[in-house]
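**Student:** Please read through the structure below; I'll follow up with questions.
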Amino acid sequence: MARRYIVTGLFMMALSATAAQAREAPAPPPQVQPCVVCHGANGHGTAPLFPNLAAQQLEYLTMQMELFRSGERPSHIMNTLVRTMTDKDIKIAVEYYANLPRCE
């Protein structure tokens, strides 16, 4: 009987570990590395000044990146970083952040 509880307990521990790993954010692609400093790898801003990007609307993030790149939305840091990004780089970055779990 005790053996049954031990086996069940071990199974539940393994199941919990697997579920926790599934919730972890994937490793950011290289196009996201400059963003991680302020917006975090998990999309949670690293300081109150930096917005959370996790689970934001894909269209919204894309539009903001395009506005930063064109200079229509002024921000010295963002204008400088995004200016060198290609359309493909922006697509990869916004898809990464849009698909992360929402910040709590």
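Values in this text are rule-based calculations from the coordinates and carry no lab data. Only a predicted model underlies this, so the values are computations on that prediction, with no experimental measurement involved. Every residue, glycine as well, gets a Cβ built from its backbone with ideal geometry; the counts of neighbours run over all protein chains shown.
**Student:** Percentage of Cα-Cα pair distances in the range 26-98 greater than 21 Å, rounded to whole percent?
**Tutor:** Result for the distance tail: 13 percent.
**Student:** Another question, if that's okay. If each residue of separation counts as 0.36 nm, what is the full-extension length gain between Asp87 and Glu66 once their alpha-carbon separation is subtracted?
**Tutor:** 6.7 nm
**Student:** If you don't mind, another one. Per-residue counts of other Cβ atoms within 10 Å, averaged by peptide: what ranking do you get for 43-55, 70-82, 92-104, highest first?
**Tutor:** 92-104, 43-55, 70-82
**Student:** Right, something else. Pull out the extension gain between Glu95 and Leu49, defined as 0.36 nm times the separation in residues minus the alpha carbon to alpha carbon distance; nm, one decimal.
**Tutor:** Full extension from Glu95 to Leu49 adds 14.3 nm.
**Student:** Pulled fully out, how much extra length does the chain show between Val36 and Arg73, if you take 0.36 nm times their separation in residues and subtract their Cα-Cα distance?
**Tutor:** 11.3 nm
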